[in-house]
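A.B. asks: Quick one: structure below, then a few questions.
The values are calculated or read from the model by the stated rules, or taken from the named source; none is laboratory data. Please read all numbers here as calculations on a predicted model, not as lab measurements. Glycine gets a Cβ as well: all are built from the backbone with ideal geometry, and neighbour counts include every protein chain shown. Remember, those area values only see protein heavy atoms, side chains included, never the ligands or the DNA or RNA. Shrake-Rupley method; radii C 1.70, N 1.55, O 1.52, S 1.80 Å.
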Amino acid sequence: MRLQWAPLESADHGAAARLNSLVAGHAAVVSIVKAVTWLGSGGVLWTLIGMAVVVLAIRRRWRLAIYLLVTGAGVLTLDPILKALVGRLRPVVAHPIAYGRGDSFPSGHALGSIVCYGALFLVFLPATRGMWRRVFTAVIVTLIAVIGISRLPARCALPL
């Protein structure tokens, strides 16, 4: 994207337009996409990290608590660096369902979800047993995947 290679840009813009056309105009689908996206928002992620840190602090698991804090803070640093390296502008589509500022890749929601939900998974997986371990794994993997997918039709440029 940074090199503005025409074939890649054409495929990228075409995919953005097709995804947008699938979602735009369907209020229920737009509501679902926005709700799923919200689960990857900074407020939700920091709330979950904060709650986990409190639980770990109560249990005197200081290293794990610090790990979660450093991981959460690390994604705040990593996201703008990756956006600057890739340089993918937000697509302009016919019927945007959401707007944002700055570059669009990687999605802050998707990257934050992978890192934060992944860190929570690593910290709490040893505490789960039996069927709950499989359920916990399936929930985290599904959550990360659907948040990433929800970002595809939703990242559009601000109107001029």
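A.B. asks: For residues in the stretch 93-116 being open to solvent by 40 Å² or more (accessible area, probe 1.4 Å) and modelled with pLDDT under 60, which is nearest to residue 45 (Cα to Cα)?
C.D. replies: Only one residue fits best here, namely 99.
A.B. asks: Would you be able to say whether some residue in the stretch 67-87 is open to solvent by less than 90 Å² (accessible area, probe 1.4 Å), assigned to a loop (DSSP other than H, G, I, E, B), in contact with a Lys or Arg (Cβ under 8 Å, 6 or more places away or on another chain) and modelled with pLDDT under 70?
C.D. replies: Looking for residues that are open to solvent by less than 90 Å² (accessible area, probe 1.4 Å), assigned to a loop (DSSP other than H, G, I, E, B), in contact with a Lys or Arg (Cβ under 8 Å, 6 or more places away or on another chain) and modelled with pLDDT under 70, one finds at least one in the stretch 67-87, hence yes.
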